[in-house]
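Quick note: the coordinates plus some simple rules give every number you see, no bench work behind them. Since we're looking at a predicted model, the values are computed, not measured. Positions of Cβ are generated from backbone atoms using ideal geometry, with glycine treated the same way; all protein chains shown enter the neighbour counts.
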Amino acid sequence: MNFSFFLMDLLLDLNSNISLAIRSLGESLFNKNISFSELINTINTNMSISSSSINIFTIDGLIKGTLTLSLLSLVLSYSFRYIMIKVFILISPFAIFSLCLNNTSWFFKAWFRNIFSLLFIQNIVSIVLLILFSMDFSSDNLFTKFIYIGGIYVLIRANSFVREFIGGVSTNISQSVNNFSKLKL
């Protein structure tokens with residue numbers, strides 16, 4: 001229990017190094033910074049709407065609106081994920097302490113599955129970003145725009161995939177809203 005924060009530091013460093021290795025591989029192969037900010041800059045550069053007024057009922061307007069709302073959902077989801085990781089780090093001494101008794105060891109198992117799934121999402125996101133930046137989006141056609149939407153959708157659904165594969169807590173904002181709306185007072 002005394003070394004719980006040290007162990008968490010090692011786990012976070014290991015996960016960060018794996019993610020950094022994936023991103024640096026992409027940077028060396030494609031000469032692009034593999035990050036969310038670069039993805040947003042690339043989308044804004046390649047998805048510019050040529051007219052001075054935005055018509056949301058055109059294909060370009062619908063795609064731009066979909067990407068904007070998806071990126072907002074993605075930012076909210078990953079900020080919630082960051083907060084949840086901090087909470088799980090703070091309760092790590094109690095989780096490790098729960099291993100003292102057989103009756104409470106379930107808490108450690110649930111805690112470990114949740115923290116592992118939240119950290120594993122970072123590696124999935126790095127791989128998806130690597131794949132997105134490996135494609136050439138210099139042409140301004142409709143297929144390119146749908147690839148962007150598909151990539152953002154995969155980034156949003158990465159949490160659900162990991163949760164179904166490993167287990168753990170959900171950080172999807174839309175799913176949390178739906179769960180709260182089903183509660184009856």
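Table: residues versus (1) of a type outside the set (Ser, Thr, Tyr); (2) within 25 Å of Asn44 (Cβ to Cβ); (3) surrounded by fewer than 12 Cβ atoms within 10 Å (Cβ to Cβ).
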| site | (1), (2), (3) |
| --- | --- |
| Gly61 | yes, yes, no |
| Ser70 | no, yes, no |
| Ile85 | yes, no, no |
| Ile89 | yes, no, no |
| Ser98 | no, no, no |
| Thr104 | no, no, no |
| Ala110 | yes, no, no |
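Which condition breaks for Tyr148 when tested against (1) farther than 23 Å from Ala21 by Cα; (2) surrounded by fewer than 19 Cβ atoms within 10 Å (Cβ to Cβ); (3) not acidic (Asp, Glu)? Failing condition for Tyr148: (2). Identify all residues within the stretch 19-43 that are surrounded by fewer than 16 Cβ atoms within 10 Å (Cβ to Cβ), aliphatic (A, V, I, L, M) and farther than 13 Å from Leu130 by Cα; write none if there are none. The answer is Ile40, and nothing else. Selection of the stretch 121-138 for residues being of a type in the set (Phe, Trp, Tyr) and surrounded by fewer than 20 Cβ atoms within 10 Å (Cβ to Cβ) yields only Phe137. Selection of first residues in the stretch 87-102 that are in contact (Cβ under 8 Å) with a residue 12 or more places away in the chain and farther than 17 Å from Arg113 by Cβ and of second residues that are surrounded by 15 or more Cβ atoms within 10 Å (Cβ to Cβ) and polar (S, T, N, Q), restricted to Cβ pairs under 7 Å at least 6 apart or on distinct chains, gives the following pairs, ordered by first then second residue: Pro93/Ser4. The set of residues in the stretch 88-104 being of a type outside the set (A, V, I, L, M), in contact with a Ser or Thr (Cβ under 7 Å, 6 or more places away or on another chain) and farther than 23 Å from Val162 by Cα consists of Pro93, Ser98, Thr104.
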